[in-house]
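Q: Sharing a structure with you now.
Nothing in this text is a laboratory measurement; each read-out follows from the coordinates by a stated rule. What you see is a predicted model, and the numbers here were worked out from it, not measured in a lab. Cβ atoms come from the backbone with ideal geometry, glycine included; neighbour counts cover every protein chain shown.
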Amino acid sequence: MSPRMRLHHQTHPDHHPGAQPAVVAAVAIGGAAGAVARYGAERLWPTGAAAFPWTVLLINTVGCFLMGVLMVTLKRRFPGAPRLISPLLGTGLLGGFTTFSHYTDNVRQLFGEGRPGYAVGCLLLTIVAALAAVTAGAFSAHAVLGRGYALQDGAR
Amino acid sequence: MTDWLLVAAGGLVGAPVRYLLGVDAKFRLHTAFPWGTFAANAGAALLLGFLAEAVTDGELGNRLQLLLAVGFCGALSTWSTFSYELLTFTSARRVALAAGYLALTVGAGVGLSFAGAAVARAAL
């Protein structure tokens with residue numbers, strides 16, 4: 001083995017673990033796709049500045065549900081999945097699809113438009129919907145995969 | 001077509017910045033608290049509040065909004081990762097950590113959104 005290769009095999013404690021270019025690229029591609037999907041939904045179902053921002057609320061709810069499904073599915077069903085799947089679909093696609101900043105800005109704008117009821121409603125309803133959705137997603141994945149496992153065990 | 005490309009370009013940068021903030025925070029701080037996601041969400045809320053007030057109407061303003069507000073800020077910030085982190089905390093019975101993380105993120109996010117807008121109004 002050449003000295004150069006040996007050098008390469010040494011661990012670098014100063015290096016960021018996990019920040020490899022391939023993972024960053026996967027997150028970037030997923031993020032671009034997620035942002036485009038969100039923009040498509042916002043163009044399809046636009047909400048005015050003084051209206052209740054249902055579209056962003058729905059985007060975030062769907063994204064949280066899918067994140068719960070994805071994370072549990074990857075962990076339980078595909079623990080050996082390619083390491084770029086989770087960065088691509090989770091951190092990238094769903095992370096880029098859902099948005100926290102548009103949520104906070106909707107709340108601010110609703111206060112500015114003189115709709116404090118809508119603002120507080122959006123503030124609280126989003127929290128409840130996001131938490132319920134991610135929990136429901138994780139639970140349904142557990143339920144579906146759990147039964148799948150039991151059937152497999154029984155067949156064996 | 002340009003509209004979609006601008007949003008995609010913003011997302012192409014925003015999401016990996018969030019990811020790298022998370023990796024960096026984990027590396028530097030070694031805490032269970034997801035400072036990376038928090039920083040991404042708080043930073044995006046501040047920037048979007050600023051942009052919403054600072055960017056003017058018209059062709060250029062519209063394009064800047066698509067690139068920076070819809071694409072970059074939208075993808076830099078996240079609800080899905082945020083909610084999954086909260087679920088992991090509550091599943092591990094770390095309810096106080098989850099409640100603190102939720103309250104801090106939402107409080108800082110809304111506060112910074114107002115702060116960004118105020119800075120834009122004062123500066124312009």
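Q: Quick check: convex hull of the Cα atoms in the protein assembly as shown, volume per residue, rounded to a whole Å³?
A: Given the Cα convex hull of the protein assembly as shown, per-residue volume reads 177 Å³.
Q: Related question: Order these by the 10 Å Cβ neighbour count, fewest first: A:Thr61, A:Thr99, A:Thr73.
A: Lowest to highest Cβ neighbour count: A:Thr73, A:Thr61, A:Thr99.
Q: So what is the relative contact order for the stretch B:2-123, in percent, with contacts set as C-alpha pairs under 8 Å and at least six apart?
A: Dividing the mean separation by the residue count of the stretch B:2-123 yields 39 percent.
Q: Next question, about the same structure. With the cut-off at 1.5 for a/c, could you classify the stretch A:20-155 from its C-alpha gyration tensor as rounded, prolate or oblate?
A: Because a/c hits 1.5 or more and a/b fails to exceed b/c, the stretch A:20-155 counts as oblate.
Q: I've got another one for you. As a check on your grasp of the helix formula, calculate [θ] at 222 nm for the protein assembly as shown: sum -39500 (n - 2.57) over DSSP H runs of n ≥ 4, divide by the residue count, round to the nearest 500.
A: -24500 deg cm²/dmol
Q: Using θ = phi - 60° and the Karplus relation 6.51 cos²θ - 1.76 cosθ + 1.60, list the HN-Hα couplings for the stretch A:49-57 in order, rounded to whole Hz, with x at every Gly or Pro.
A: 5, 9, 8, 6, x, 4, 4, 5, 4
Q: Which whole number gives the average, over all residues in B:62-71, of C-beta atoms from other chains lying within 10 Å of the residue C-beta?
A: Mean inter-chain Cβ contacts per residue within 10 Å come to 2.
Q: Exposure proxy check: A:Ile29, A:Ile59 ranked by fewest other beta carbons within 10 Å?
A: In order of increasing Cβ crowding within 10 Å: A:Ile29, A:Ile59.
Q: With θ set to phi - 60° and the Karplus curve 6.51 cos²θ - 1.76 cosθ + 1.60, what are the ³J(HN,Hα) couplings of the stretch B:47-55 in order, to the nearest whole Hz, using x for Gly and Pro?
A: 5, 5, x, 5, 4, 4, 8, 7, 7
Q: For the protein assembly as shown, what is the charge dipole size about the Cα centre, in debye to the nearest 20, if Lys and Arg each add +1 at the Cβ and Asp and Glu each add -1 at the Cβ?
A: About 1020 debye.
Q: What's the percent breakdown of Cα-Cα distances in chain B across 10 Å bins, shortest bin first?
A: Using 10 Å bins, I get a P(r) of 14, 38, 32, 14, 3, 0 for chain B.
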